[in-house]
Each structure stands twice: as C-alpha cells, then as structure tokens.
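**Q** Sharing a structure below in structure tokens format, with a few things to ask.
The values are calculated or read from the model by the stated rules, or taken from the named source; none is laboratory data. Since the structure is predicted, the reported quantities are computational estimates derived from the model, not experimental observations. Cβ: placed from backbone, ideal geometry, glycine included. Neighbour counts: every protein chain shown.
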Amino acid sequence: MRIGVGALLVLMLAGLLTAIVVSLLGATGQARPLPPAATTGIDEAGGAALYVHILGAVASPGVYQFRDGERVVDAIAAAGGFTPEADQKTVNLARFLSDGEQIVVSVQGADPPPSEPGAAAPGGKVNINTASSAELDTLPRVGPTMAARIIAWREANGRFRSVDDLLNVPGIGDKTFESLKDLVSV
C-alpha cells in the first residue's frame with residue numbers, strides 16, 4: 001500500500017493537533033486557566049470565584065480560577081500536574097484553596113518555600129480556614145483551648161465565609177474579635 005506525500009503530511013498534522021489538544025487539557029481534561037479579561041469575582045455557577053497563582057514544578061504555571069471548596073489537588077491538576085522533578089511531599093494536596101493565594105511547587109533537592117501558603121495569607125495574616133492549632137496559637141488571646149474551639153467550629157460548620165464568623169466560635173467575644181480581626185483572613 002502506497003501513501004502519497006500529501007496523505008502522509010495530513011496524518012502528521014492530525015497527530016500534532018491531537019497532541020496539542022491533549023497537552024492543553026492536561027491529565028484531567030479540566031484545565032481552567034484564567035481568561036485574560038476576567039475581572040469578575042463570580043464563577044459560571046454564580047458562586048464566589050477563587051483566583052490562585054500556581055508556579056514552580058508544574059506543567060503549566062499561571063493564575064487559575066476555582067470554586068469555593070476546591071482543594072490544592074484540583075489546582076495542581078488544572079496546572080497540568082507535577083513535573084518529573086517536583087518535590088510532591090512539600091505540597092498538602094488535601095488543603096482547601098484560598099482566594100489570592102500562591103502555591104509554589106519546589107523542585108526535588110531545593111530548599112522548600114518558607115511555608116506553604118494557606119495558613120499565612122497575603123500580608124502575613126493567618127488564614128483561619130487552613131491554620132493548624134499551633135498557627136492559631138500564635139495569635140493574641142488565642143491559646144491551645146481557643147485554637148481547638150476555632151478548629152472544632154470550622155470542622156462542624158465548614159469554612160469560615162468571613163472574618164466576622166469568628167464571633168460564632170464559643171468564647172470569642174467582642175474584645176477577642178477586635179484583637180484578631182486585622183490579623184486573620186479567610
């Protein structure tokens with residue numbers, strides 16, 4: 001069977017096009033890069049949109065849009081997954097995403113980032129949706145008992161929607177809230 005040069009060229013172009021489409025979709029087929037003109041904070045389903053900057057040892061670093069409740073594993077998948085040299089143990093894949101955060105995936109053998117974003121939000125604030133007991137304990141008027149109450153409330157009620165939700169935690173009154181509100185984020 002003889003294939004003409006033209007037919008061979010068409011087959012090669014079709015294969016190249018297929019490879020490009022597969023690489024753009026990533027492993028999950030759900031890549032959601034931020035559109036260049038996206039300025040609204042609302043996703044297609046009408047919920048609040050989260051914007052997350054993913055960089056380092058991922059296939060397609062960039063800013064991506066997610067829905068509230070999605071996790072770091074979703075962000076890594078949207079960025080095309082880890083590269084072969086990624087140090088996967090430096091990333092908590094189960095952590096919920098926070099709006100405006102940056103996820104840095106280190107290369108194996110390199111010094112890890114100072115702290116995975118999530119507990120410390122932009123501006124050095126403690127993210128009450130992701131902070132550990134020890135991280136909450138660094139806040140004024142918060143000791144181990146109050147940190148446990150904050151985490152218990154978060155586990156029972158889901159993510160804090162605003163800093164004001166701290167007032168719903170047993171033991172946090174107006175004075176404690178006033179000392180915390182500028183030091184925490186959601």
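**Q** When you check T28 against the structure, is it at pLDDT below 75, within 20 Å of E101 (Cα to Cα) and outside any helix (DSSP H, G or I), yes or no?
**A** Criteria not met by T28.
**Q** For P117, indicate whether it is modelled with pLDDT under 90 and out of contact with any strand residue (DSSP E or B) (no Cβ under 9 Å at 6 or more places or on another chain).
**A** So P117 does not fit the description; no.
**Q** Among the residues of the range 151-162, is any within 18 Å of the chain's Cα centre (by Cα) and in contact (Cβ under 8 Å) with a residue 40 or more places away in the chain?
**A** yes
**Q** When you check P170 against the structure, is it in contact (Cβ under 8 Å) with a residue 40 or more places away in the chain, out of contact with any strand residue (DSSP E or B) (no Cβ under 9 Å at 6 or more places or on another chain) and part of a loop (DSSP other than H, G, I, E, B), yes or no?
**A** Details: in contact (Cβ under 8 Å) with a residue 40 or more places away in the chain: no; out of contact with any strand residue (DSSP E or B) (no Cβ under 9 Å at 6 or more places or on another chain): yes; part of a loop (DSSP other than H, G, I, E, B): yes.
Here the answer is no, as P170 does not meet what is asked.
**Q** Can you find a residue that is of a type outside the set (S, T, Y), in a loop (DSSP other than H, G, I, E, B) and modelled with pLDDT under 90 anywhere in the range 146-159? Reasoning before the result, please.
**A** Residues of the range 146-159 that are of a type outside the set (S, T, Y), as a first pass: 146-159.
Retained after the next criterion (residues that are in a loop (DSSP other than H, G, I, E, B)): 158-159.
If we keep only those that are modelled with pLDDT under 90 as well, we get 158-159.
Checking the range 146-159: at least one residue is of a type outside the set (S, T, Y), in a loop (DSSP other than H, G, I, E, B) and modelled with pLDDT under 90.
**Q** Do we find a residue being outside any strand (DSSP E or B) and either at pLDDT below 90 or exposed (fewer than 15 other Cβ atoms within 10 Å of the Cβ) (or both) anywhere in the range 55-65?
**A** Within the range 55-65, not a single residue is outside any strand (DSSP E or B) and either at pLDDT below 90 or exposed (fewer than 15 other Cβ atoms within 10 Å of the Cβ) (or both).
**Q** The conditions are (1) at pLDDT 80 or above; (2) not assigned by TED's automatic domain parsing to the domain that holds A156, and D111 fails exactly one of them. Which is it?
**A** D111 satisfies every listed condition except (1).
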